[in-house]
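Novice: Please find one structure pasted underneath; my questions will follow.
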Amino acid sequence: MSGVLLYKSELCGLIHFLVADQTVIAPVPLTHGQFKFAAVTTLEEIALDAIPTLLPPKKYFLPPQESLLQYDTTQGEKMQAEVAIEETVLFGLHTCDLAGIQCLDMVFADRPKDLHYMIRKQHFTLIGLECNDYCDSSANCAMLFNHLPKGGYDLFLTDLGDYYFVDINTHKGDLLVEKSGLFVPVTPAAQDNLQKLRQIKTKRFKSEIPIRYQDIKPLFEASFESNVWTDIGAKCLACGNCTNACPTCYCFDIVDEPEFDLTRGKRLRIWDSCQHENFARIAGGENFRKERGDRQRHRYNRKFHYPMERYKQIFCTGCGRCSRTCMARIDLKETFNALIEECR
Amino acid sequence: MSRPTVAFFELASCEGCQLQVANLGEELLAILDRIDLVEFRELLTERPDGPLDIAFVEGSVVNAECEARLHAIRQRSELLIAYGSCATIGGVNAMANGRPISEIQAEVYGDQAERFAAARVRPLHQLVPVDYFIHGCPIYPDELIKVLKAALAHLPYNIPDYAVCVECLLNENVCMYEKKVTCLGPVTRAGCNAWCINNGNVCYGCRGLVSNPNRAGAEAVLSRYHLDSRLIANKMLMYNGALEPTDE
């Protein structure tokens, strides 16, 4: 589609325009250099320099706990499906998070389609924000080409000094630009500056791990019995932070929560994690991923191997959250390097 | 539907968990619609002696008197629910288990020590079968309600068997270790929604250890933060002093 410019002096006006009739979510600062996505009403609250947030934006599309339906057993097996939604703008999504949302879209649109996700997703407007440089050393976005925009947004902002270059990717984005009246046409100089930034970025962002994209899946196929998994298992506390913080992990459990009359209630979907001891425990007490190392191996394969077979897509976005959040310092880049070293 | 007969009892404890129930607010009205509450020391004066459908027992077993009382309650009741750390894992009372009983008796009661019989502190399940556990010091009200519903429906209640870290991250708290503060969240089982950390405190491990905790891994984390594992072990014993190998 086309592009427009937004002068930084108008950014405040844009947020003001957006909050008028919908919830606006953006990164806000916490302490100790951490950030989270939260509802905002003014530009001042937003951290434009945020590193990836503690939880990824999936918490809005796939809430940690959501009610899928209400049941009433006094009415036979009557069930009423429900989706809690409100018009929401997600502002300041980095390219890694946009890649994560695209992965979730792929999974939940796959058969059987997940209508709760798909209905909710329609009510979101996604506004991206380009990273001109690395957030920190945990990121591995460049090895997956996720340091550059690859769609998945309505509008995408690139900081070019006094103004943002704004890529319009959808009709929704187009309408927003038109209605707000805050954007101005692109100038040849702005086009030029965008190209220059992208050139600079090719120098700043280098593949963080010495491996080609097409060699990643074979690496995991070859290293299934590797000792690296045993070593990682010895460190892992099985807290599941890596999967909860991952923008593409979507495993969930379903539980029924009755009212006190025990006849009516809700069916809830809650996040689950393959890292938990009981995740792969089945009837009879058998656990087919009893060792922590087996569970970590599973997690890595669910990012770099299995989705390649099913979706021709790696499900790691390079955001670095799993490495950043891990108390045991199980580091994605170190794991890769150890696997590469062993398979050499 | 007839309302099940329910009673609340206390062994060695502060009765703080009973107060948590009394403080439920409007939820308590919904509960009282569903149950026939016959005994509850913090709320009622009656002490009937009939059969019960559900007995909630708070507190740990610290002497023969507690033990006899617990067996009597178990005999009277169809279901027995251990609630609060003292009842489920021994709790703070079990700090006494780290020293000889006679030494502690002498310290607390002086020359009157022999008048106060005491034994090793034990949680309820080490003496009688327990149908449901509600961990925590004090119990987390949301979990009490979940367990009560499960008990009323005769369904199992699955206690989360993962670390408090899970619920802490879902609340997007900055990790206590980032703040250079020791926290027992990584080895303590969840179910409290990281209640303490959400309110600026650390996790004290009041819900007991996750099953199969990675001890060596946890020690490696502690040493990275230059924390002495004995310090953590000591913190852990604040609530977990009655842990038996079979409890894990």
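We did not get these values from a lab; they are worked out from the coordinates using the rules stated. Source: prediction; values computed, not measured. Neighbour counts are summed over all protein chains in view; Cβ atoms, including those assigned to glycine, are modelled from backbone coordinates with ideal geometry.
Novice: Would you pull out the residues with amide H under 5 Å of A:LYS266's amide H, same chain only if 5 or more places away, H placed 1.01 Å from N?
Specialist: A:TYR71, A:GLU257, A:GLU259
Novice: Let me ask you something else. When the scattering of the range B:5-152 is computed by the Debye formula from its Cα atoms alone, each counted once and equally, what is log10 I(q)/I(0) at q = 0.09, 0.15 Å⁻¹?
Specialist: Taking Cα atoms of the range B:5-152 as identical point scatterers yields -0.29, -0.75.
Novice: How much net charge surrounds A:ILE15 when only other residues with a Cβ under 11 Å from its Cβ are counted (Lys, Arg +1; Asp, Glu -1)?
Specialist: -3
Novice: Give the shape of chain A as rounded, prolate or oblate, defined through the alpha-carbon gyration tensor: a ≥ b ≥ c are the square roots of its eigenvalues, a/c under 1.5 means rounded, and otherwise the shape is prolate if a/b is larger than b/c and oblate if not.
Specialist: Oblate, since a/c reaches 1.5 and b/c is not below a/b.
Novice: While we're looking at this one, here's another question. Compute the separation of the alpha-carbon centres of the range A:315-334 and the range A:150-217 and state it in Å as a whole number.
Specialist: Each part's Cα centre sits 25 Å from the other's.
Novice: By the scheme Lys and Arg +1, Asp and Glu -1, what is the net charge of all other residues having a beta-carbon under 14 Å from that of A:LYS217?
Specialist: Residues near A:LYS217 contribute +2 overall.
Novice: Next up: Can you list which of the trypsin sites (Lys or Arg not before Pro) found in the range B:109-200 are DSSP loop residues with at most 11 other C-beta atoms within 10 Å?
Specialist: Passing both the DSSP loop test and the Cβ count: B:LYS180.
Novice: Another question about this same structure. With point charges of +1 on the Cβ of Lys and Arg and -1 on the Cβ of Asp and Glu, referenced to the Cα centre of the protein assembly as shown, which listed residue (A:PRO112, B:ILE159, B:ALA12) lies farthest in the positive direction of the dipole?
Specialist: Value: A:PRO112.
Novice: Evaluated at 10 °C with a viscosity of 1.306 mPa s, what Stokes-Einstein diffusion coefficient in µm²/s does the range A:242-291 have when Rh comes from the Kirkwood expression over alpha-carbon pairs?
Specialist: Diffusion coefficient, whole number: 123 µm²/s.
Novice: Would you work out the charge dipole size for the range B:5-152 about its Cα centre, treating the Cβ of every Lys and Arg as +1 and the Cβ of every Asp and Glu as -1, and quote it to the nearest 20 debye?
Specialist: Approximately 400 debye in magnitude.
Novice: Another question about this same structure. Going by how many other beta carbons lie within 10 Å of each one, how would you line up B:SER2, B:SER60, B:SER211, fewest first?
Specialist: Lowest to highest Cβ neighbour count: B:SER2, B:SER211, B:SER60.
Novice: Cross-link candidates for A:LYS312: which aspartates and glutamates have Cα within less than 12 Å, leaving aside residues fewer than 8 places away along the same chain?
Specialist: Answer for A:LYS312, where 12 Å is the Cα cut-off: none of the aspartates and glutamates qualify.
Novice: Please state the charge dipole magnitude for chain B, taken about the Cα centre, from unit charges on C-beta atoms (+1 on K and R, -1 on D and E), reported in debye and rounded to the nearest 20.
Specialist: In debye, rounded to 20, chain B gives about 600.
Novice: Let me ask another. Which ³J(HN,Hα) values, rounded to whole Hz and listed in residue order, are derived for the range A:206-221 from phi using the Karplus coefficients 6.51, -1.76 and 1.60 in 6.51 cos²θ - 1.76 cosθ + 1.60 with θ = phi - 60°, glycine and proline given as x?
Specialist: Taking θ as phi minus 60°, the curve returns 10, 3, 6, 10, x, 8, 7, 3, 5, 8, 5, 4, x, 4, 6, 5 Hz for the range A:206-221.
Novice: Among the Cys residues of chain A, which have no other cysteine Cβ under 4.7 angstrom away?
Specialist: A:CYS12, A:CYS103, A:CYS131, A:CYS135, A:CYS141, A:CYS236, A:CYS251, A:CYS274, A:CYS316, A:CYS326, A:CYS343
Novice: Compute the normalised compactness of chain B: alpha-carbon radius of gyration over 2.2 N^0.38 Å, N being the residue count.
Specialist: 1.06
Novice: With r defined as the distance between the Cβ atoms of A:TYR311 and B:PHE116 and R0 fixed at 60 Å, what FRET efficiency is calculated, to the nearest 0.05?
Specialist: Rounded to the nearest 0.05, the efficiency is 0.30.
Novice: If you filter the range A:45-85 for GluC sites (Glu not before Pro), then keep DSSP loop positions with at most 16 other Cβ within 10 Å, what is left?
Specialist: Sites meeting the loop and neighbour criteria: A:GLU77, A:GLU82.
Novice: Could you estimate the translational diffusion coefficient of the range B:164-247 from the Stokes-Einstein equation, with Rh from the Kirkwood formula over C-alpha pairs, at 25 °C and 0.890 mPa s, in whole µm²/s?
Specialist: 188 µm²/s
Novice: If you take the square roots of the eigenvalues of the alpha-carbon gyration tensor of the range A:106-180 and sort them as a ≥ b ≥ c, do you get rounded (a/c under 1.5), prolate (a/b over b/c) or oblate?
Specialist: It is oblate, given that a/c is not under 1.5 and a/b is not larger than b/c.
Novice: Further, regarding this structure: With +1 on each Lys and Arg Cβ and -1 on each Asp and Glu Cβ, and nothing else charged, work out how big the dipole of the protein assembly as shown is about its Cα centre, in Debye to the nearest 20.
Specialist: For the protein assembly as shown, the charge dipole is close to 1880 debye.
Novice: Against the globular-protein guess of 2.2 N^0.38 Å, express the Cα radius of gyration of the range A:213-343 as a ratio, rounded to two decimals.
Specialist: My calculation over the Cα atoms of the range A:213-343 gives 1.20.
Novice: Taking every DSSP beta bridge with both residues inside chain A, roughly what % is antiparallel (nearest 5)?
Specialist: Around 75 percent of the beta bridges assigned by DSSP in chain A are antiparallel ones.
Novice: Can I ask one more? Amide H of B:VAL210: which non-local residues (sequence gap of 5 or more, or other chain) have their own amide H closer than 5 Å, using H built in the peptide plane?
Specialist: Sorted by chain and number, the residues that satisfy this are B:THR188, B:ARG189.
Novice: Give the separation of the Cα centroids, the range A:40-83 to the range B:1-26, in Å.
Specialist: 33 Å
Novice: Kindly put A:CYS322, B:CYS168, A:CYS12 in sequence by how many other C-beta atoms sit within 10 Å of each C-beta, fewest to most.
Specialist: A:CYS12, A:CYS322, B:CYS168
Novice: What is the local net charge at B:ASN173, summed over the other residues whose Cβ is closer than 13 Å to its Cβ (Lys, Arg +1; Asp, Glu -1)?
Specialist: Neighbourhood net charge equals -1.
Novice: For the charge dipole of the protein assembly as shown, defined by +1 on Lys and Arg C-beta atoms and -1 on Asp and Glu C-beta atoms about the Cα centroid, which residue among B:GLY136, A:TYR60, A:ALA84 has the Cα displaced farthest towards the positive pole?
Specialist: A:TYR60
Novice: Longest span of chain B, sites excluded, free of chymotrypsin sites (Phe, Trp or Tyr not before Pro) in DSSP loop with at most 15 other C-beta atoms within 10 Å?
Specialist: The reported range is B:1-115.
Novice: Which of A:TRP271, A:TRP229 comes first, and how do the rest follow, when ranked by fewest Cβ neighbours within 10 Å?
Specialist: A:TRP271, A:TRP229
Novice: Which entries in the list A:LYS36/A:LYS78; A:LYS266/B:LYS235; A:LYS172/A:LYS201; A:LYS206/B:LYS180; A:LYS196/A:LYS303 go over 31 Å, if you measure between the two C-alpha atoms of each?
Specialist: Among A:LYS36/A:LYS78; A:LYS266/B:LYS235; A:LYS172/A:LYS201; A:LYS206/B:LYS180; A:LYS196/A:LYS303, the Cα-Cα distance tops 31 Å for A:LYS36/A:LYS78; A:LYS266/B:LYS235; A:LYS206/B:LYS180; A:LYS196/A:LYS303.
Novice: Across bins of 10 angstrom width beginning at 0, how are the C-alpha pair distances of the range B:96-239 distributed, in whole percent?
Specialist: 10, 32, 30, 21, 7, 0
Novice: Quick one: what does P(r) look like for the range A:3-204 with 5 Å bins over all Cα pairs, in whole %?
Specialist: Reading upward from the zero bin: 1, 7, 14, 18, 19, 16, 11, 6, 3, 2, 1, 1, 0, 0.
Novice: Calculate one ³J(HN,Hα) per residue across the range A:19-31 by plugging θ = phi - 60° into the Karplus curve 6.51 cos²θ - 1.76 cosθ + 1.60, and present them in order as whole Hz with x for glycine and proline.
Specialist: After applying 6.51 cos²θ - 1.76 cosθ + 1.60, I find 6, 4, 10, 7, 6, 10, 10, 8, x, 10, x, 10, 8 Hz.
Novice: When the Karplus curve 6.51 cos²θ - 1.76 cosθ + 1.60 is applied with θ = phi - 60°, which whole-Hz ³J(HN,Hα) does each residue of the range A:323-333 get, with x for Gly and Pro?
Specialist: These are the phi-based 3J(HN,Hα) values: 6, 5, 8, 7, 5, 7, 6, 7, 10, 4, 5 Hz.
Novice: Select from the range A:138-190 those trypsin sites (Lys or Arg not before Pro) which occupy a DSSP coil region and have at most 16 other Cβ atoms within 10 Å, ordered by residue number.
Specialist: Sparse-neighbourhood loop trypsin sites (Lys or Arg not before Pro): A:LYS150.
Novice: Considering only the range A:13-105, what is the antiparallel percent among its DSSP beta bridges, to the nearest 5?
Specialist: 75 percent
Novice: If you find the alpha carbon centre of the range B:82-118 and of the range B:158-174, how far apart are they in angstrom?
Specialist: 32 Å
Novice: Starting from the amide H of B:VAL57, placed 1.01 Å from N in the peptide plane, find each other amide H under 5 Å away whose residue is 5 or more places distant or on another chain.
Specialist: B:PHE9, B:ILE81, B:ALA82, B:TYR83
Novice: Would you be so kind as to identify which of B:GLY205, B:LEU170, B:PHE116 lies farthest towards the positive end of the dipole of the range B:91-248, taking Lys and Arg as +1 and Asp and Glu as -1 on Cβ and the Cα centre as origin?
Specialist: Working it through, the farthest residue towards the positive pole turns out to be B:LEU170.
Novice: Give or take rounding to whole Å, what are the principal axis extents of the alpha carbon atoms in the protein assembly as shown, in descending order?
Specialist: Cα extents, longest axis first: 93, 58, 45 Å.
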